[in-house]
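Before any comments, here is the structure.
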Amino acid sequence: MDAIVQTRGLLSLPTNPRNRVLRPSQSHSLKLRVLSFKPKPFSLNPIAAANPLSLPPKPNPFGPKPKSLFLCRAEAAAAADGPPQPAFEDADKPKLLGVEIATLKKIIPLGMMFFCILFNYTILRDTKDVLVVTAPGSSAETIPFLKTWVNLPMAVGFMLLYTKLSNVLSKQALFYSVILPFIAFFGAFGFVLYPLSSYIHPEAFAEKLLNILGPRFLGPIAIMRIWSFCLFYVMAELWGSVVISVLFWGFANQITTVDEAKRFYPLFGLGANVALVFSGRTVKYFSNMRQNLGPGVDGWAISLKAMMSIVVGMGLAICFLYWWVNNYVPLPTRSKKKKEKPKMGTMESLKFLVSSKYIRDLATLVVAYGISINLVEVTWKSKLKAQFPSPNEYSSFMGDFSTATGIATFTMMLVSQFIFDKYGWGVAATITPTVLLLTGVGFFSLLLFGAPLAPGLAQFGMTPLLAAVYVGALQNIFSKSAKYSLFDPCKEMAYIPLDEDTKVKGKAAIDVVCNPLGKSGGALIQQFMILTFGSLANSTPYLGGVLLLIVAAWLAAARSLDTQFTAMRKEEEIEKEMERAAAVKIPVVAESEGGNGSLVTGSPLNPASGDSSNSPSEASTPRNV
């Protein structure tokens, strides 16, 4: 009896036991915890029982070995220590087609968002070119001035405003504050600004100013003449830089891990480039619809209202998908060490971004792409207007161009996942500049040596101008498909290891400013070449040389970024392992004399009280066994 009394505190039972059903979802679920010290053998010696501090008797070497009795107690887990962890972390999670359900809840809405965003962007991109290039008193030569003197200042102003708002607004409020003005503007343009364009455009003043200054100032004057069309052009450009690069990719980087990004980022473009195909067919349909309308009817105004209505509807769908993901998809765990960064002001943020080699290499990639594609694209659009001067024909060709771009990019997306898995980030990042260089050399070579090829092209029913249009279209198709399938995923993966503050402000600086800076840089180079050599055709060989230098700098920055990205990725994995090891204490198995193992933890059974009878359901920290 005395021995039984002395065991009180080691094995305590409630005075009024009741049957209970244990559910793992309850935060105060019962956890089985073993003794933290090695239990003494049960002794029926009344002397030893009466005096627990006395020395135990020496064991008989010839007798049977004493057996250790494991005395366990059920305790309630403390609610303050958080929800209980699963006992077996490697348990199979629910999957569908080999992909975890939790991952699919991220990927499917993100793919739908990307579909809607690029559907809108394709319609806006084709529409802005038709508005500016084919407008009376304007031409393709207006685009370099527009990108340099209007698009770039507005992009810089937006970046400063976005950086300021990121310090005072939550991420969700920041997203809605940015995308809703775009949706409102495009709806207002189709139903208000364009129908009133003949009243709000200063046609007479611009014509008088052109007669005074001469045709050399056609581009700057056209910006003032068709200011609402130019504003639409800039907003459409900003949709690509802001909504795609900053809002969507920033949100995707927030809710995905690097491993998920390597697997699914290339596949995001599959749905997105299906959008290119459908949006190209949409533009083609409205272009043909204008031809079937009767005389005196502004078919362009009717089709513009229909397309802007689609843009508004898709924009609202993007907002709904963003809301759903934020409410029903959990965020992945990030390294806690990288979140301890104080808020910085605008100038401090710019200084920090400039001082980071990682950010500078990322900026080099974006600027180099903008300059390279602009050197070829503006020249191609000037040839395109010469071949298709009518807005209907121009818009119809752009619809076919968007469809072909979607099909080519869809194919590249299927190949890109194999490239990432087989060769890694570094090889994937160098494919886009290589493709752009090779196709650009072919396009400029046709412009330079098109006259000797005229007899051979005539046998195929083509003129040198039409051949240049088709070759330039192929160059743009291959370059853009490589960008969407490889360049954009590589660029967005590079943001993931960064801390949240650098990620938000770095994306705003790079994607919003550096992207139009690259295009404006290409436009400035073209303006300088035209003023120096007299025409764009005379400067073609020098533009090819500039393209070679830009691509060489692009490749060097990609190799440097590959080294830094790999190092930061390894560092993040090490930090996560250290945090995981610090959060979970692994129990040690101690072998007793009888061969039975007992789990030993680093804390006593009841550190707060030596007697457990006063608290049958004491709170304790749950252990992962």
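Bear in mind that the values in this text are calculations on the coordinates, not laboratory data. Note that the structure is a prediction, hence the values are computed from the model and not measured. No Cβ is skipped: glycine too gets one built from the backbone with ideal geometry, and neighbour counts run over all protein chains shown.
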Can you put Phe533, Phe229 in order of Cβ neighbours within 10 angstrom, beginning with the fewest? Phe533, Phe229
Once you order the gyration tensor axes a ≥ b ≥ c over the Cα atoms, which shape class does the stretch 360-518 get: rounded for a/c under 1.5, otherwise prolate or oblate by comparing a/b with b/c? prolate
Taking 24 Å as the cut-off for C-alpha to C-alpha distance, list the pairs among Lys128/Lys483; Lys305/Lys383; Lys357/Lys422; Lys106/Lys147; Lys480/Lys505; Lys503/Lys576 that go past it. Lys305/Lys383; Lys357/Lys422; Lys106/Lys147; Lys480/Lys505
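Sort 141-149, 153-161 by packing, meaning the average of other beta carbons within 10 Å per residue, with the highest value first. The partial results should precede the final answer.
Working: 141-149: 22.2, 153-161: 17.7.
The packing order, highest mean first, is 141-149, 153-161.
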Virtual spin-label span in nm between Thr434 and Gln172, 7 Å along Cα→Cβ: 4.5
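Please give me the summed charge of the neighbours of Val435: other residues whose Cβ is under 15 Å from its Cβ, Lys and Arg +1, Asp and Glu -1.
Combined, the nearby Lys, Arg, Asp and Glu give 0.
When you count, for each residue, the other Cβ atoms within 10 Å and take the mean per peptide, how do 106-115, 419-428, 179-188 rank with the highest first? Present the calculation step by step, with values, prior to reporting the outcome.
On the way: 106-115: 21.2, 419-428: 15.8, 179-188: 17.4.
The peptides rank, most packed first, as 106-115, 179-188, 419-428.
Taking the Cβ of Glu141 as the center, what net charge do the other residues with Cβ under 11 Å away carry, scoring Lys and Arg +1 and Asp and Glu -1? Before the final figure, lay out the partial values.
On the way: positive: Arg216, Lys381, Lys385; negative: none.
Local charge sum for Glu141: +3.
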Ranked packing of 359-366, 444-451, most packed first, by mean Cβ within 10 Å: 359-366, 444-451
